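What follows is a single structure, written as structure tokens, with notes after it.
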Amino acid sequence: MKKLGMNVEQIEDVQSIVIKTPKGNYIFDSAEVQAMTMQGQTTYQITGDIRFEPATVEIPKEDVTMVASQANVSEEKARETLVATKGDIAEAIMKLAS
């Protein structure tokens with residue numbers, strides 16, 4: 001590979017790799033990683049089992065209070081509905097009002 005101008009190096013002792021996205025995290029536990037450098041550009045190759053953890057929705061206290069007052073329900077019920085609707089205030093109010 002070196003004759004082609006490519007350098008491949010194994011990265012040792014990798015414990016885990018996390019790729020974060022807005023929808024959640026892709027997690028590689030005990031992955032094997034190789035760094036390949038060619039023409040000054042480094043590319044990483046990951047091999048291993050992957051799992052996906054969906055992102056948790058963070059619901060601001062103000063949203064909970066507003067939904068609770070608009071739908072005339074408890075803040076606990078408002079929070080549950082906001083989590084179910086992934087933070088969509090209008091949808092939460094409509095669900096609780098029906």
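The values are calculated or read from the model by the stated rules, or taken from the named source; none is laboratory data. Model, not experiment: these values are computed from the prediction. Glycine gets a Cβ as well: all are built from the backbone with ideal geometry, and neighbour counts include every protein chain shown. When the accessible area is computed, the model is the full protein with side chains, heavy atoms only, and any ligands, DNA or RNA have been set aside. Shrake-Rupley method; radii C 1.70, N 1.55, O 1.52, S 1.80 Å.
One table, with the values for the structure above:
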item: Per residue, in Å², the accessible surface of the chain once ligands and nucleic acids are set aside, probe 1.4 Å; result: 77 Å²
item: Inter-part distance where region 42-66 and region 17-32 are each reduced to a Cα centre, Å; result: 9 Å
item: Estimated vicinal HN-Hα couplings, Hz - region 76-87 in sequence order (Karplus 6.51, -1.76, 1.60; Gly, Pro = x); result: 4, 5, 4, 5, 4, 5, 5, 5, 5, 9, 6, x
item: Debye, to nearest 20: dipole size of region 1-83, +1 on Lys, Arg Cβ, -1 on Asp, Glu Cβ; result: 380 debye
item: Percent carbon-and-sulfur accessible area, the chain, ignoring ligands, DNA and RNA, probe 1.4 Å; result: 51 percent
item: Per-residue [θ]222 nm for the chain (sum of -39500 (n - 2.57) over DSSP H runs n ≥ 4, rounded to 500); result: -9000 deg cm²/dmol
item: Per-residue HN-Hα couplings for region 7-14 [Karplus 6.51, -1.76, 1.60; θ = phi - 60°; Hz; x = Gly/Pro]; result: 10, 10, 10, 7, 8, 8, 6, 6
item: Hull volume in cubic angstrom per residue (convex hull over the Cα atoms of region 7-71); result: 122 Å³
item: GLY24 long-range amide H proximity, modeled H, under 5 Å; result: ALA55
item: Exposed GluC sites (Glu not before Pro) absent: longest stretch of the chain, with sites in DSSP loops and at most 14 other Cβ within 10 Å deemed exposed; result: 13-57
item: Charge dipole (the chain, unit charges on Cβ, about Cα centre) - positive-most of ASN72, THR56, VAL33; result: VAL33
item: Karplus-derived 3J(HN,Hα), 6.51/-1.76/1.60, for each residue of region 47-62, Hz, glycine and proline x; result: 10, x, 7, 10, 9, 10, 10, x, 5, 8, 7, 8, 9, x, 4, 4
